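The values are calculated or read from the model by the stated rules, or taken from the named source; none is laboratory data. Note that the structure is predicted; figures quoted are calculated from it, not measured. Positions of Cβ are generated from backbone atoms using ideal geometry, with glycine treated the same way; all protein chains shown enter the neighbour counts. Areas reflect the complete protein model, heavy atoms only, side chains present, ligands, DNA and RNA absent. Shrake-Rupley method; radii C 1.70, N 1.55, O 1.52, S 1.80 Å.
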Amino acid sequence: MDIRILENVEEIGAAAGRIICDFVNEKPACVLGFATGASPVPTYNYMIEQFNEGKVSFKDVTTFNLDEYCGLPEGHKNSYKTFMFENLFSKVDIDPAKVNFLDGNADEAEESRRYAEAIKAKGGVDIQILGIGRNGHIAFNEPSDEFTDEAWKVTLSQSTIDANSIYFDDTEMPTSAMTMGIGSIMRSKKIILIATGSSKAEAVKAMIQGEVTPQCPASILQKHDDTVILLDKAAASLI
Ligand code: F6R
């Protein structure tokens, strides 16, 4: 793990964004894996800035998002697809035909197969962006007794519901989601995990210094050979 402790979220966004933009300039038809939530937003802002300055184009990039809630209709304002269009896709030249999402309303087994095949057909994910849950989850792989492999349908933990329900004002937050599995995340060639704020400090400590266990799903990243962990001081305060 390449662990970097930076000053603030803007520096973290620029560090992650630079890795992504440099890579896209080297390999324009690359495959990027995206996360939603607060952690990657400064990275997406940096990518948008670079695009606006004419320093990078995403027109040939293919994307796969990590997860999607179950039970929300297409186009719902709280869906992760909407989040990605609002925070990145509509602001750069990404081709909407090249973006991929899990369908939270599809049959679990068929959807898992479809996503795995789509990723494989593109040659795998080159760079995967991750956040981390307060309970150590990555994507929506919650603490459990075993590491998952391909995409699956998860029942969200109370910790995740507490953290994310702030985004749901007039709709009840879904209690399940389709998520890429740990195996599919680990097959990404490079991973960038972003964690900021003291609410992530325990999870960050367990991820980096704890045993590798599905009780802290992010701890599996100790076994990935090209993972960059970008932290602010608060998230790094216990390591
Ligand atoms: C979202 C996702 C989640 C988040 C995590 C942290 O696509 O996969 O694992 O990355 O819950 O969320 P934030 O960044 O909002 O603290």
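Amide H to amide H distances under 5 Å link F34 with F64, N65, L66, I129, where only residues 5 or more positions off or on other chains count and H is placed in the peptide plane. Applied to the stretch 205-213, the Karplus parametrisation 6.51 cos²θ - 1.76 cosθ + 1.60 on θ = phi - 60° returns per-residue 3J(HN,Hα) values of 4, 5, 5, 8, 10, x, 6, 7, 8 Hz, with x for Gly and Pro.
Computed packing ranks the peptides 187-195, 220-228 as 187-195, 220-228, most packed first, by mean other Cβ atoms within 10 Å. Which percent of the Cα-Cα distances in the stretch 62-153 go past 17 Å? Value for the stretch 62-153 (Cα pairs over 17 Å): 56 percent. Short-range pairs are left out: with C-alpha atoms under 8 Å and at least six residues apart, the relative contact order of the chain is 25 percent.
Cross-link check: pairs K120/K205; K77/K122; K153/K190; K59/K190; K153/K200 evaluated at a Cα-Cα cut-off of 31 Å; pairs beyond the cut-off: K120/K205. Here the stretch 92-239 exposes an accessible surface that is 47 percent carbon and sulfur, computed with a 1.4 Å probe and the other protein chains kept in place.
Rounded to whole Å, give me the distance from the Cα center of the stretch 57-77 to that of the stretch 115-171. Each part's Cα centre sits 13 Å from the other's. Atom-type composition of the exposed protein surface of the stretch 24-63 places 50 percent of the accessible area on carbon and sulfur (1.4 angstrom probe). Note on K233 and D95: the model spin-label points, each 7 Å out from Cα along the C-beta direction, lie 4.6 nm apart.
Each principal axis of the stretch 16-93 carries a Cα extent, and these read 39, 20, 20 Å when sorted largest first.
Computing Rg and the Kirkwood Rh from the Cα coordinates of the stretch 2-232 gives a ratio, Rg/Rh, of 0.93.
A 1.4 Å probe run over the protein chains yields, for the stretch 2-232, 43 Å² of accessible area per residue, whole-number rounding. Computed from the alpha carbon positions, the gyration tensor of the stretch 110-239 leads to an equivalent ellipsoid with semi-axes of 22, 20, 13 Å, biggest first.
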